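Rule-based calculations on the coordinates, nothing more; no lab input. Small disclaimer: the values here were computed from a predicted structure and weren't measured. When we count neighbours, we look across all protein chains shown, and the Cβ atoms used for this are built from the backbone with ideal geometry, even at glycine.
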Amino acid sequence: GQECRDTKIGETYTGTVHQTALGQPCEHWSNVNQTRYKDSDFPDGSIQSSMNFCRNPNRRINGIWCYVDSTGQYGYCNAPYCGNVTADSRNCKTSRHGSDYAGNISHTMQGYQCQAWHKQKRYTYFFL
C-alpha cells in the first residue's frame, strides 16, 4: 500500500498505519459489529483486505480513522502527506479571516475543485 496520503481526508490511503493518533490499536474492520460498509468503500477493494489499517470508507472530513473496539468506538489516525501535498504553514490559515494564507490547496474539504479567481461564474456562498 501507499504509506502516505494524497488528501487531508485520505480517501485513497492504502498504507499500514494501524493505530490511532492516541496510540490505540485498530480493530480489524470485519470484527466490528457496526461495520456497515461495502467492499467498494475501501481503496483496497475489500473490507477483508483493509485488515486493521486506518481508512476513511465514509470520507469523514477529519481524515483516516479506525475502530478501536468491536462495539464501534473509533479514533482518528495520522499518516504523512505524499510528495507535493504538504501540511506546512503555507497551507494553513492562521489568521481569523485567512488573509495570511499563501498555500496551494485547490479543492474543498469535501473534495470539490475550487474555481479559478479569474473565472466569472457566480456561486452562492454560505458562511457559518
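Structure notes:
- Full extension of the chain between Cys82 and Tyr37 yields a length gain of 13.6 nm, computed as 0.36 nm times the residue separation minus the alpha carbon distance.
- Mean separation of Cα contacts under 8 Å (6+ apart) over length of region 1-79, as relative contact order %: 37 percent
- Volume per residue of the convex hull around the Cα atoms, evaluated for region 33-79, comes out as 76 Å³.
- Each residue, Asp44 and Asn62, gets one label point 7 Å from its Cα in the Cβ direction; the gap between the two is 2.2 nm.
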